[in-house]
Amino acid sequence: MVAFHASALDGVARNPALPTPLLLRLLAFDGGGNGPPRHALQRAGLPERAVAVILVHPNPGARIDFAMSARAEPAQRARLVDDASPTVRAALAHGPEWRDPRTAVAPLPDDVCARLLDDPDPSVRAALLDSPHLAPSFVASLATHHDPAARRDAVRVWEILLPGERSALLADPDPEVRRAAALWECRRDSRVTAALLRDPKSAAEVLRHGLFHHADAERRVAERTHLAALAENPSLPTDLVEQLAVDPDEAVRLAVSLRPELDEARRMAIDFTVGDFDRANVGWVRDGLADPEVLRRAATSAHPLLRRTAARSPHLPPDLVRLLARTEDPLVEDLLSVHHPDTPEEVLMRVYARLGGTFSAWMAETHPRFPREGLAARYADHPDGNYRRLAVRDPAATPALIERLSHDPAVWTRQAAAGDPRLPLHRLREALHVPELASSAGANPTLPEDEMAAVLNRAGVPA
């Protein structure tokens, strides 16, 4: 298949105006052994006739792509639970590999997950337990499962397990299950903490989270093993916190500065250093991204790592969004642009300007609040093609301007114009035969149905 025919076909597979008869024709395509284009298999809102074709497609790759679609309804994907191929069932069990951080992936129904967990093929069971898309209710149900790997997974939702289930996991016949359970229980039981500390593999995590009495904590501070982890420990007595706040190790002082009980004056009195590119994942803030009080404390702090962690929350109220938008911290801006639905336009533009061509810039540009009006007047003649491309987003851009930009020296600008519905039809037809524009032109929703059919014909898709 000629390369630009394949590109045009890929574009047609993404085209939101693709008629169902052409979609069905495309889905039946074997693609020289590669199956139909992935975009056809992972479209949103596939009609029942299309789903029926995919479920029995002779190419397992087609069924795998559908099994891992983030756009398909869970009930549709779940119909692959009895697929003959364990690879397909494993793909179903794991679910989508990547997802937009702004979009939640709905989990498979619990009864389908239960069947996958009892699948005769171990790869299917392992894929399910590795899935990031399981419902908490299902994970909790694993506490009494016959498979130790499943019981070990249940500790992820320790706080919602029943007391009897926790006790059973702490006494589980499998040592790895017992260890995983103890690593949660040590947060409230000093005896479990002491027992775990005898295991070198657990030491850092236990020192970070375990419950210590004063004498035990004092002894651990004196030993200076994993001291930065211990400096985060919630049960650390106040006098030891004060001692570690002036420790010669900078990592220890930084850990102390992030403790939740400190007031702002005490926090900022500690001598710590945060780099311009230090990513934030402060536990008590991360765990409270939906808690208004936690968010306010973190977002109003002068500590960069608290502000950066707070910027991950989609639940920030408007005043805190405005406050964080004024911090002049590029990482705060990046995180707001990815996670918050009401990120100010000026922040999105700054992220785009600073990081053009990166994932963060793409997330900023695809944000619902990314500016549109006025971009043509501002950027159509900009010396940087990355900015000329923005002119295509402007609702006031004329067909003549879109056509002009479809000939732009910068390929990304040409591609954006080729996919725009205002592109005159004669130029759209030309673009279908230009290798670097064929995919964008194929996805253009104003492409006539007969032109879509012609793309399928040229690519060798049987009628």
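If you go through the stretch 343-368 and pick out every residue that is under 15 Å from Thr103 (Cα atoms) and either modelled with pLDDT of 95 or more or buried (at least 21 other Cβ atoms within 10 Å of the Cβ) (or both), you end up with 3.
Those helices (runs of 4 or more DSSP H) of the stretch 168-221 in which at least 1 residues are within 26 Å of Gln243 (Cα to Cα) and open to solvent by less than 30 Å² (accessible area, probe 1.4 Å), considering only elements entirely within it, cover 190-196, 203-209. Just so you know, in the stretch 80-100 the residues that are open to solvent by 60 Å² or more (accessible area, probe 1.4 Å) and in a loop (DSSP other than H, G, I, E, B) include one that is nearest to Ala127 (Cα to Cα), and it is Glu97. On inspection, Leu323 does not qualify as more than 19 Å from Pro371 (Cα to Cα), in contact (Cβ under 8 Å) with a residue 24 or more places away in the chain and crowded, with 18+ Cβ neighbours inside 10 Å.
Restricting attention to the stretch 61-79, the residues that are of a type in the set (A, V, I, L, M, F, W, C), open to solvent by less than 30 Å² (accessible area, probe 1.4 Å) and outside any loop (DSSP other than H, G, I, E, B) total 4. Looking at the stretch 360-377, which of its residues are more than 16 Å from His340 (Cα to Cα) and either small (Gly, Ala, Ser) or in a helix (DSSP H, G or I) (or both)? Within the stretch 360-377, Gly374, Leu375, Ala376, Ala377 qualify.
Scanning the stretch 37-60 for residues that are open to solvent by 30 Å² or more (accessible area, probe 1.4 Å) and outside any loop (DSSP other than H, G, I, E, B) returns Arg38, His39, Glu48, Arg49, Ala52, Val53, Leu55, Pro60.
Checked against (1) modelled with pLDDT of 95 or more; (2) in contact with a Leu (Cβ under 8 Å, 6 or more places away or on another chain); (3) over 17 Å from Ala302 (Cβ atoms); (4) part of a loop (DSSP other than H, G, I, E, B), Pro234 meets all criteria but (2).
Somewhere in the stretch 401-414, is a residue assigned to a loop (DSSP other than H, G, I, E, B), surrounded by fewer than 23 Cβ atoms within 10 Å (Cβ to Cβ) and of a type in the set (A, V, I, L, M, F, W, C)? Within the stretch 401-414, one or more residues are assigned to a loop (DSSP other than H, G, I, E, B), surrounded by fewer than 23 Cβ atoms within 10 Å (Cβ to Cβ) and of a type in the set (A, V, I, L, M, F, W, C). Pairs are defined by a Cβ separation below 6 Å, a sequence spacing of at least 6 or placement on different chains, a first member in the stretch 361-373 that is over 15 Å from Asp334 (Cα atoms) and of a type outside the set (Asp, Glu), and a second member that is assigned to a loop (DSSP other than H, G, I, E, B) and open to solvent by less than 20 Å² (accessible area, probe 1.4 Å); the pairs so defined are Arg372/Asp394. For the stretch 267-321, residues that are of a type outside the set (A, V, I, L, M, F, W, C), more than 21 Å from Val241 (Cα to Cα), under 22 Å from the mean Cα position of the chain (by Cα) and not in a loop (DSSP other than H, G, I, E, B) total 4. Beta carbons closer than 9 Å, at least 6 apart along the sequence or on distinct chains, pair a first residue in the stretch 10-28 that is over 23 Å from Leu437 (Cα atoms) and touching a residue at least 40 places away in the same chain (Cβ under 8 Å) with a second that is open to solvent by less than 40 Å² (accessible area, probe 1.4 Å) and of a type in the set (Val, Ile, Thr) for Arg25/Val461; Ala28/Val461.
Of the helices (runs of 4 or more DSSP H) entirely within the stretch 416-463, those holding at least 1 residues that are under 14 Å from Ala13 (Cα atoms) and open to solvent by less than 20 Å² (accessible area, probe 1.4 Å) occupy 438-442, 449-458.
The residues of the stretch 104-132 that are in a helix (DSSP H, G or I) and either open to solvent by less than 10 Å² (accessible area, probe 1.4 Å) or in contact (Cβ under 8 Å) with a residue 40 or more places away in the chain (or both), listed by number, are Cys113, Leu116, Leu117, Val124, Leu128. Listed conditions (1) touching a Pro at 6+ places or on another chain (Cβ under 8 Å); (2) at pLDDT below 95 are all met by Arg198, apart from (1).
The values are calculated or read from the model by the stated rules, or taken from the named source; none is laboratory data. Worth saying up front: this structure is predicted, and the values here are computed from it rather than measured. Here the Cβ is made from the backbone with ideal geometry for all residues, glycine too, and neighbour counts use every protein chain on show. Quick note on the areas: whole protein, heavy atoms, side chains included, nothing else; ligands and nucleic acids left out. Shrake-Rupley method; radii C 1.70, N 1.55, O 1.52, S 1.80 Å.
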